[in-house]
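A short write-up of the structure that comes next.
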Amino acid sequence: MPEVQKKLRVGVLGCGPISQAGHFEACTKACNAELYAICDSADDLRERMSAMWAPQKAYADYQQMLDDEHVDAVIIATADAFHVQLAIMALRAGKHVLCEKPLGVTVEECEELLQISRSTRRVFQIGHMKRFDGGIQSAREFIQQEMGELVAYKGWYCDNSHRYTVTDAVQPQIVKSLSRRKPAIDPKADLQQYYLLAHGSHLIDTAMFLAGEITEIEARFLHRGGVHCWYMDVAFANGTLGHLDLSVGVRMDWHEGFQIYGENGSILGKTFNPWLYKSSEVDIFHEKTASWSRALAADGQFYRRQLESFANAVLSESEVAGTGIEEGLLIVKAMAAIQASVRTGKSVQVAAAKGAI
């Protein structure tokens, strides 16, 4: 008889919107993982999701799910403020962790989490699913294999005023519960912080994935006309010049992408609203042949591809291909540096950034 491939048994913590729209389906479609358990303190929500997705176990108590020896790994899909404490519990219970982005909301708590993660030797990955966009992956492959020296990177992430018209049309109907667990402070009470955490983390991660570590940031911020806008000059460790644009509420369609210049070519990337599950259109100019190329990247199920990569790292005891915990900390530090630069009007070294976002 052929050998049955082992699957990673996953427990999903949090039955809210990101699990309903992304993680539950990813777990059921992944070739090397399965939705073994779900956990949520809201009885009505947990029971509804259990009926819809049919996990083997459904827990009201997180510690009970962690105590289940059949759970290999957990996906932490809760409010940002809970990420670190819940990740620490999972690591101490011997579980591998795929944690939704951002890693945390303060530099210090993320530094503590990093130290604990290193001591447990469990696989830890941050849920920056754009690294599993085939178009973006084609850009990284060209940079690593053909582009030579990078000269400049320009990236933009502009969420738009009509995004909910689109997401309401393509996402499943999100089920909510009045008894869901909420942070002590409403995350949307400070929209400048909320947008930076929710959207800025993606912008920074993509920039680091393609151009390397960001070492210095000088940021300007303007809230006008209903738009929150950050313009940022950034320095990369490899000497590449950089500019990032984070604008939320722009009066147009979703506008996200990147433009990269290098020694042996250039890259123009257009990224779509993630809930369309459409890979980025990335046009690569090859100086050697004076020709353009574009990968089709037909498989745009980023959440499933992310989980399969995470499961492969666990099952094969290999390095994570996605965003690791060290990079997750650097992203949090970069966001803290943005906030500090906006406050002071000065350039800030990312390595020295501290405090809350």
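The values are calculated or read from the model by the stated rules, or taken from the named source; none is laboratory data. Since the model is a prediction, treat every value here as computed from it, not as a measurement. Using ideal geometry, Cβ is built from the backbone for each residue, glycine included, and neighbour counts are taken over all protein chains shown. Only protein heavy atoms, including side chains, enter the accessible area calculation; ligands, DNA and RNA are left aside. Shrake-Rupley method; radii C 1.70, N 1.55, O 1.52, S 1.80 Å.
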Discussion item. Helix 302-315 against the longest principal axis of the chain: what's the angle in degrees, Cα atoms only, rounded to the nearest 10?
Written reply: 70 degrees
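From the cross-link list 6/278; 29/101; 57/130, which pairs have alpha carbons spaced over 26 Å apart? Write out the running numbers ahead of the final one.
Working: 6/278 29 Å; 29/101 21 Å; 57/130 30 Å.
Beyond 26 Å between Cα atoms: 6/278; 57/130.
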Discussion item. With +1 on the Cβ of every Lys and Arg and -1 on the Cβ of every Asp and Glu, and nothing else charged, how large is the dipole of region 1-126 about its Cα centre, in debye rounded to the nearest 20?
Written reply: 480 debye
Practice prompt. Report the label-to-label distance for residue 343 and residue 186 in nanometres (one decimal), using points 7 Å from each Cα along the Cα→Cβ vector.
Written response: 2.4 nm
Item to complete: Specify which residue in the list 325, 165, 215 is farthest towards the positive end of the charge dipole of the chain, using unit charges on the beta carbon of Lys, Arg (+1) and Asp, Glu (-1), about the Cα centre.
Response: 165
Response to the item:
With every protein chain kept in place and a 1.4 Å probe, the residues 146, 308, 317, 47 fall, from largest accessible area down, as 317, 47, 146, 308
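Once you have the Kirkwood Rh of region 1-157 from its Cα pairs, apply Stokes-Einstein at 25 °C and 0.890 mPa s and quote D in µm²/s.
Values: Rh = 17.2 Å.
Approximately 143 µm²/s, per Stokes-Einstein.
What fraction, in whole percent, of alpha-carbon pairs in region 210-267 exceed 17 Å separation? Write out the running numbers ahead of the final one.
Details: 826 of 1653 pairs.
Counting pairs separated by more than 17 Å, the tail of P(r) holds 50 percent.
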Worksheet, complete the sentence: If every Lys and Arg gets +1 and every Asp and Glu gets -1 at its Cβ, then about the Cα centre region 174-259 yields a dipole, in debye to the nearest 20, of 680 debye
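Carbon and sulfur: what percent of region 202-324's accessible surface (1.4 Å probe)? List each step's numbers first, then the result.
On the way: 2820 of 5580 Å².
Carbon and sulfur: 51 percent of the exposed surface of region 202-324.
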Worksheet, complete the sentence: Site residue 69, offset 7 angstrom along Cα→Cβ, radius 18 Å on amide nitrogen, limited to region 1-42, gives 9-11, 37
Item to complete: Distance between Cα centroids, region 139-170 to region 227-284: provide it in whole Å.
Response: 4 Å
Discussion item. Suppose we keep just the DSSP beta bridges with both residues in the chain; what percent of those would be antiparallel, to 5?
Written reply: 60 percent
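Using a 1.4 angstrom probe on the protein heavy atoms only, could you order 261, 194, 157 from most to least accessible area? Numbers along the way, then the final one.
Numbers: 261 100, 194 60, 157 10 Å².
Sorted by accessible area, descending: 261, 194, 157.
How do 36, 164 rank by accessible surface area computed with a 1.4 Å probe, from largest to smallest? Intermediate results must be reported in sequence, preceding the final value.
On the way: 36 10, 164 130 Å².
Reading off the accessible areas and sorting them downward yields 164, 36.
In Å², and per residue, what accessible area does region 284-353 have when probed at 1.4 Å with the other protein chains present? Spell out each step's value before the answer.
Details: 3340 Å² over 70 residues.
On a per-residue basis, region 284-353 sits at 48 Å².
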Practice prompt. Measure off, as a whole percent, the carbon and sulfur share of the 1.4 Å-probe accessible area of region 1-86, all protein chains present.
Written response: 49 percent
Worksheet item: Under a point-charge model restricted to the Cβ atoms of Lys and Arg (+1) and Asp and Glu (-1), what is the dipole moment magnitude of the chain relative to its Cα centre, in debye to the nearest 20?
Response: 560 debye
Discussion item. Going by average Cβ density within 10 Å per residue, which order do the peptides 239-245, 279-285, 130-136 take, highest to lowest?
Written reply: 130-136, 279-285, 239-245
Worksheet item: When the gyration tensor of region 172-273 is built from Cα positions, what are the square roots of 5 times its three eigenvalues, in whole Å, from largest to smallest?
Response: 30, 16, 15
Worksheet, complete the sentence: To the nearest 10 degrees, the tilt of helix 83-92 (Cα long axis) against the first principal axis of the alpha carbons of the chain is 60 degrees
Worksheet, complete the sentence: Taking a probe of 1.4 Å and leaving out DNA, RNA and ligands, region 10-153 shows per residue an accessible area in Å² of 37 Å²
Discussion item. In region 139-229, if the dipole is taken from +1 on Lys/Arg beta carbons and -1 on Asp/Glu beta carbons about the Cα centre, which of 151, 229, 185 is farthest to the positive end?
Written reply: 185
Fill in: Cα-based Rg of the chain normalised by 2.2 N^0.38 Å, two decimals
0.98
